[in-house]
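Reviewing the structure listed below.
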Amino acid sequence: MSYRYRFISEHRPAFGVKRLCQVLGLRRQGFHEWVAAETARAARAEAEQELLTLITSIHAEHRGAYGVPRVTAELHRRGHLVNHKRVERLMREHGLAGITRRKRRTLTRPAAGPVTPVGDLIRRNFTAEKPGQRFVGDITCLPTFEGWLYLATVIDLHTREVVGHAMAEHMRTDLVCDAVDLATARGLIKPDAVFHSDRGVQYTSGQFRAALAEKNIRPSIGRVGSCYDNAVAEAFFATLKTEIGATIWRTRAQARQDVFRYLRYYNHKRLHSTVGQNTPAEARNSYVQAPAA
């Protein structure tokens, strides 16, 4: 209907509104109502363009990783109370979409020979009542033209914050010990905390068990061949490799720099659905401030 009214508006100086309405089978009152609403339509179109500009900016700011839910949440954080369906429509119409995760390449190598039994204290319950109680960790590899760079992480299950990490050219037990050491040095692991991992040789080694015992951390290990038993750690690496925007680096130093930047972004800027579309750092800080409030 709007295109007919627009046609009348464009040609009424030559033919008159009455004649055009008769030819097109429209009511003159309807045309005049359409004209009266022109200001409101222009205002809506301007507001929609401003919203699209903001959505495009958020999408670019997060390297194209944000889909509709996180873009909507970020808009709400900035004071724009917009419906997610409207966001979805604008993103779809302008070719904006979040990044889909890739399947992760596993590095788990079971330890050779008998291993001292360790129970699964997590049992796929990837939650924690407060920060510093329950953690998961894993190792992944990042390809460079100089060879592999290995990354080990420690993730808090209450905040989803990467509280400790380590990178090296090797994947010996020292790598995972260094990641836990960093988290402990930052004061983000409480006494009697639980650290959960897969059955990789690094995590089942006597060296790593001793390192946990020294820090009063209880080990927890999932079942053999079950990625779901360490799903949070697996999901983080899938997200990192998808959003970091590189498949292979020229040097290990460049890979390190990109990982450092991404970890800071992930902890302090990236919204996480598990913690109510807040950042991991906000989730930790809000818990610390809650008793004082």
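Nothing in this text is a laboratory measurement; each read-out follows from the coordinates by a stated rule. Every value quoted in this text rests on a predicted model; they were computed, and no experiment measured them. Positions of Cβ are backbone-derived with ideal geometry, glycine not excepted, and every protein chain shown enters the neighbour counts.
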Using Cα positions and a limit of under 18 Å, work out the aspartates and glutamates in reach of LYS85, with same-chain residues fewer than 8 apart set aside. GLU48, GLU50, GLU74, GLU93
Quick one: order ARG199, ARG12 by neighbouring beta-carbon count within 10 Å, fewest to most. ARG12, ARG199
For the residues SER220, SER197, SER205, SER273, what sequence is obtained by ranking on other C-beta atoms within 10 Å, fewest first? SER273, SER205, SER220, SER197
The range 131-190: relative contact order as a whole-number percent, Cα under 8 Å and 6+ apart: 32
Which shape class applies to the range 132-284: rounded if a/c is under 1.5, otherwise prolate when a/b exceeds b/c and oblate if not, where a ≥ b ≥ c are the square roots of the Cα gyration tensor eigenvalues? oblate
For the SER286, ASN83 Cβ pair and Förster radius 30 Å, calculated FRET efficiency rounded to 0.05 is 0.70
Where the centroid of each part is defined by its Cα atoms, how far is the range 232-271 from the range 157-217 in Å? 19
At a threshold of 8 angstrom on Cα-Cα distance, excluding pairs fewer than six apart, so keeping six or more, what relative contact order does the range 132-284 reach in percent? 25
What ranking of LYS269, LYS241 emerges when the number of other C-beta atoms within 10 Å of each C-beta is taken as an exposure proxy, fewest first? LYS269, LYS241
What's the extension gain from PHE260 to GLU10 if we count 0.36 nm per residue and subtract their Cα-Cα distance? 84.1 nm
Grab the beta carbon distance between VAL23 and ARG44, set R0 = 30 Å, and tell me the FRET efficiency rounded to 0.05. 0.55
Leaving out same-chain residues fewer than 8 places away, which aspartates and glutamates sit with a Cα under 14 Å from that of LYS130? ASP156, GLU161, ASP192, GLU282
Anchor LYS241: lysines whose Cα lies under 16 Å away (excluding residues fewer than 8 positions away in-chain): LYS103
Label point distance in nm, ARG172-LEU121, each placed 7 Å from Cα along Cα→Cβ: 2.8
